[in-house]
Amino acid sequence: MSDLVDRLVQGLPEDAVVVDPDVTAAYARDMAGFCAAGAPAVLVFPRDVEQVRHVLRTATALRVPVVPQGARTGLSGGANAVDGCIVLSLVKMDQILEIDPVDRLAVVEPGVVNAVLSRAAGEYGLAYPPDPSSWESCTIGGNIATGAGGLCCVKYGVTGEYVLGLDVVLADGRLLRTGRRTAKGVAGYDLTRLLVGSEGTLGVVVQATLALRPEPAPPLVLAAEFAGTDAACAAVCEVMARGFTPSLMELMDATTVRAVNEMAAMGLPASTQALLLVAFDGPAQEAELAAVAEICRTAGATEVVPAEDRAESDLLLQARRLALPALDRLGTTMIDDVAVPRSRLAQMLRGVAEIAERGGLTIGVVSHAGDGNTHPVVVFDATDPQETARAEQSFEEIMALGLELGGTVTGEHGIGLLKRDWLARELGPVGLAVQRQIKSVFDPLGIMNPGKTL
Ligand SMILES: Cc1cc2nc3c(=O)[nH]c(=O)nc-3n(C[C@H](O)[C@H](O)[C@H](O)COP(=O)(O)OP(=O)(O)OC[C@H]3O[C@@H](n4cnc5c(N)ncnc54)[C@H](O)[C@@H]3O)c2cc1C
């Protein structure tokens, strides 16, 4: 037994320490393509905070890198192993410790699956709004570490807006408590917010206090078909300019609609060039939906179909949730995540279409249109080196276009390994230097998820 494993088992149950290379290899990467993954030395499944502290103390003593992991649904390589690391999987710390309807909060362990928390909150008439499409499998720890978004962000915002406080094990094993349980609170620097989106590079989230909201009415959804993305984006801008706050506003291009139809035969309109889904979940939802239907028609929608009932609304939302897996079936994919100000969404989509044409590639685009957050999915044949090179080039051009339009290279998936070079471009030298200084305060030995983000 190596010294590392020998020390780990002193503070962990034996079955929580795995060295079988077939198993450790299975935990070596997340769902991002084209990101290198190393060979872990060991995989551990702690069940409580003390066990996590033991792992980090051991790692510091032996100067071994640590890669925290949730469900590995990440799309940036952030959870990928590095050679000789401890892969620290938090999936077995999966208890909801408390739901408090008066303070409207939940206290959870990091391995709780997003949808499990959402359903548990629902039993109290409450909701945990952040809803990534992967919500049936991704963990709250992973959501916090990536700053995950989702379908309802246009109204409810992203994960960061719901994180009140965190318990975080630092690289040396100390337990840092940040934040609060109160509705308000401004004491000290906002370390909670700093840790959200830190992608496992500053510490390990072992407990989170999360704000809950009253459960909204089930959403009513409208589907509007357009002959092109320009008209659909004009409708999006008009909806926002007129002061509406939909609970969802999602745009699928023709490639995406076709892919979803082929995968699940959900009856989306096959001939459409751009399909806009808009939902409302407030008390005036029917009137709001009618007003938005009119806006869509004025913007040039060829067909506007409000869902008849909850079941039809659910079907449309399900179809949207299938967009990424459906595009994934078309070939090897690189999923991008560029967000621009929503007023520039039309330019972004036009630019992506031009990039696809120049590269002779299929790029399906599904967008959280209300947030200006696009997911251009570059589809290519990975056995063809030239096409692969063109795909990589297009992926880069999409990020460059996003920055040119005043956007960011990642709206919600994070930097991980995939976009490291692009973080430097987005932040500039001063921003990058300050971020590196912050990293060294939390992790002076550089053992926390090394090589990711910075
Ligand atoms: C089909 C599909 C749809 C998706 N849709 C969306 C979407 O709509 N919106 C969106 O934002 N994302 C989406 N994603 C991406 C992904 O689901 C999110 O990034 C999610 O937050 C990752 O959670 P996870 O538990 O899988 O974390 P992992 O992938 O395991 O880890 C992600 C990052 O978090 C770190 N980490 C994990 N747990 C901890 C912890 N406890 N402490 C410290 N660091 C930790 C890891 O080191 C890594 O850097 C989608 C992915 C797929 C496959």
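The values are calculated or read from the model by the stated rules, or taken from the named source; none is laboratory data. These figures come from a predicted structure and were not determined experimentally. No Cβ is skipped: glycine too gets one built from the backbone with ideal geometry, and neighbour counts run over all protein chains shown. Ligands, DNA and RNA are stripped out before the accessible areas are found, and what is left, the full protein with its side chains, is counted by its heavy atoms. Shrake-Rupley method; radii C 1.70, N 1.55, O 1.52, S 1.80 Å.
Structure above, values below:
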item	result
Base-10 log of normalised Debye intensity for the chain (one unit scatterer per alpha-carbon) at q = 0.10 Å⁻¹	-0.73
Antiparallel %, DSSP beta bridges [both residues in the chain], to 5	90 percent
Solvent exposure of the stretch 212-266 as accessible area per residue, Å², 1.4 Å probe	36 Å²
Helix-only [θ]222 nm of the chain, DSSP H runs n ≥ 4, -39500 (n - 2.57) each, per residue, nearest 500	-11000 deg cm²/dmol
Val107 accessible area, 1.4 Å probe, all protein chains in place, Å² to nearest 10	10 Å²
Whole-number D in µm² s⁻¹ for the stretch 183-223, Kirkwood Cα-pair radius fed into Stokes-Einstein, 20 °C, 1.002 mPa s	154 µm²/s
Accessible area of the stretch 15-131 divided out per residue, in Å², using a probe of 1.4 angstrom	38 Å²
Fraction of accessible area attributable to carbon and sulfur, the stretch 201-247 (%, probe 1.4 Å)	53 percent
Test item: Cα-centred dipole of the stretch 87-135, Lys/Arg +1 and Asp/Glu -1 on Cβ, debye	140 debye
Accessible-area order (highest first, 1.4 angstrom probe) of the listed residues Ile398, Ile96	Ile96, Ile398
With DNA, RNA and ligands ignored, accessible area of Thr209 (1.4 Å probe; Å², nearest 10)	20 Å²
Potential extension, Asp20-Glu123 segment - 0.36 nm per residue separation minus Cα distance	33.0 nm
Rule-of-thumb Rg ratio for the stretch 349-446 [Cα; 2.2 N^0.38 Å; N residues]	1.26
Point-charge dipole on Cβ atoms (K/R +1, D/E -1) for the stretch 310-454, about Cα centre, debye to 20	420 debye
Rounded accessible area of Ser134 (nearest 10 Å², 1.4 Å probe)	40 Å²
With every protein chain in place, the stretch 35-143: carbon and sulfur % of accessible area (1.4 Å)	51 percent
Spatial extent of the stretch 250-309: Rg and Dmax, with the Cα atoms as the point set, Å	12.6, 36
By accessible area with a 1.4 Å probe, ligands and nucleic acids excluded, highest first: order of Lys184, Lys419	Lys184, Lys419
Coarse-grained scattering of the stretch 201-303 at q = 0.21, 0.24 Å⁻¹, given as base-10 log I(q)/I(0) from a Debye sum over alpha-carbon atoms	-1.02, -1.22
